[in-house]
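Following: one structure in structure tokens, then a few remarks.
The values are calculated or read from the model by the stated rules, or taken from the named source; none is laboratory data. Treat the numbers as computed from the prediction; the structure is a model and nothing was measured. Using ideal geometry, Cβ is built from the backbone for each residue, glycine included, and neighbour counts are taken over all protein chains shown.
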């Protein structure tokens, strides 16, 4: 998979990396069991600090998309693709709601209405 | 050298030389040879093996004919059905047949000259010079045949597809990583390692069977997975199974990237084939199908089977465009 970073864009580097891995998982370009490159290598290749990559990987782990294990590296989890798609949609929804000035409670109500 | 000249040399001239070396000495020397000729010599050059004159002459002629025919065949393929990986096989074959043909030819010459004018084959002697001459001549012939065959096909006849670079803004950094895996290699390799363990436990290391199996098993597992990373430094290819086994190709040495449909048979099988230093082309082959091919400086080429080869080639080309 391809990961690009642009230091000139306003988005933090760790978020750029995480977003692209998330999109790759959602799009099925990396699948369950695939190993992401070690943080040190990815940092070297992209010319960023290793902690930037570790932060991106940490976010992906917290979202349940990857497993991080000492020695085994970062592995894409089962059903990561469907979860990543859901997360992407949720992120989009949250951003759009914020743009339209909806509060958190209003957004929650909206989702409940759709579900009902 | 023109295509026509190459085909003439490989298909006609070299085979005639080989056939001549195998047959002419017998025709010329026939009358002066004993009925039984010495055909084998010990390390000191004294004869220690023999065969009837007619049998040895017929065997030499047949062997020469076979080598000449097989060599001639390597020149027979039309340019449009030779792709680059096939070309490598063709030149390797040309080299082998030229080597064997000339070796057998020189052996004919030395047998006839060693037995010439003798009444009893036991008196035959072989000088060390002949052995050196045979080795030098056959290696020279092989090198000549490989060189001629290498230039056989125009490079346009291939399945290679150029890939446009992904847009890369200035200041943007990118990395691509991918892999290819072969389950057959991993399962086969591990199975061999287990069998080797059993053999070693039962028989011990005497006999070497256990160690051989272990070695083959380890080599198989070594090539069960390949990982490719493309970044601003270059292309990094390494074994996914065994740490430390890698090929590093700096961006400065890469001229262009494209995808090819790689045929393992054209490379003589799986694993690491060829040599960038010796043959100017090499491939890391795990399976058939889409592969990343890099054109390197000095006319060298490196291919590696990898899933998503097109994206890898696109990034290499984009990085190349960024540096110039």
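A few points about this structure:
- Scanning the stretch B:203-230 for residues being in contact with a strand residue (DSSP E or B) (Cβ under 6 Å, 6 or more places away or on another chain) and without any contact (Cβ under 8 Å) to a residue 60 or more places away in the chain gives a total of 3.
- Enumeration of residues in the stretch A:30-64 that are away from chain B (no Cβ under 12 Å), modelled with pLDDT of 85 or more and in contact with a strand residue (DSSP E or B) (Cβ under 7 Å, 6 or more places away or on another chain): A:57, A:60, A:61
- Filter pass, residue B:292 being in contact (Cβ under 8 Å) with a residue 24 or more places away in the chain, surrounded by fewer than 17 Cβ atoms within 10 Å (Cβ to Cβ) and within 14 Å of chain A (Cβ to nearest Cβ): no
- Residue check, residue A:71 more than 13 Å from chain B (Cβ to nearest Cβ) and either closer than 30 Å to residue B:232 by Cβ or surrounded by 15 or more Cβ atoms within 10 Å (Cβ to Cβ) (or both): no
- Residues being within 14 Å of another protein chain (Cβ to nearest Cβ), in a strand (DSSP E or B) and farther than 17 Å from residue B:300 by Cα - total across the stretch B:240-262: 1
- Within the stretch B:123-163, the residues that satisfy the criterion of being farther than 30 Å from residue B:13 by Cα and at pLDDT 70 or above are B:123, B:124, B:125.
- Only a single item in (1) buried (at least 19 other Cβ atoms within 10 Å of the Cβ); (2) at pLDDT 90 or above; (3) closer than 16 Å to residue B:145 by Cβ is not met by residue B:66, and it is number (1).
- Restricting the stretch B:219-234 to residues that are closer than 11 Å to residue A:45 by Cβ and either within 25 Å of the chain's Cα centre (by Cα) or part of a strand (DSSP E or B) (or both), the residue that is farthest from the other protein chains (Cβ to nearest Cβ): B:234
- Of all the listed residues (A:65, A:107, A:42, A:87), the sole one being surrounded by 14 or more Cβ atoms within 10 Å (Cβ to Cβ), closer than 17 Å to residue B:227 by Cβ and in contact with a helix residue (DSSP H, G or I) (Cβ under 7 Å, 6 or more places away or on another chain) is A:42.
- Cβ-Cβ contacts under 7 Å between residues 6 or more apart (or on different chains), taken from a first residue in the stretch B:95-118 that is surrounded by fewer than 23 Cβ atoms within 10 Å (Cβ to Cβ) to a second residue that is outside any helix (DSSP H, G or I), are listed as B:110/B:126; B:114/B:38; B:114/B:124; B:114/B:125; B:114/B:126; B:116/B:33; B:118/B:34; B:118/B:124.
- Selected residue [within 14 Å of chain A (Cβ to nearest Cβ), at pLDDT 90 or above and closer than 30 Å to residue A:16 by Cα] from B:174, B:169: B:174
- Neighbours by Cβ (under 9 Å, 6+ apart or cross-chain): first from the stretch A:95-116, at positive phi; second in a helix (DSSP H, G or I): none
- Flag if residue B:228 is at pLDDT below 80 and crowded, with 20+ Cβ neighbours inside 10 Å: no
- When the stretch A:1-29 is filtered for residues that are within 11 Å of another protein chain (Cβ to nearest Cβ) and over 13 Å from the mean Cα position of the chain (by Cα), the ones remaining, listed by number, are A:1, A:2, A:4, A:5, A:6, A:7, A:8, A:9, A:29.
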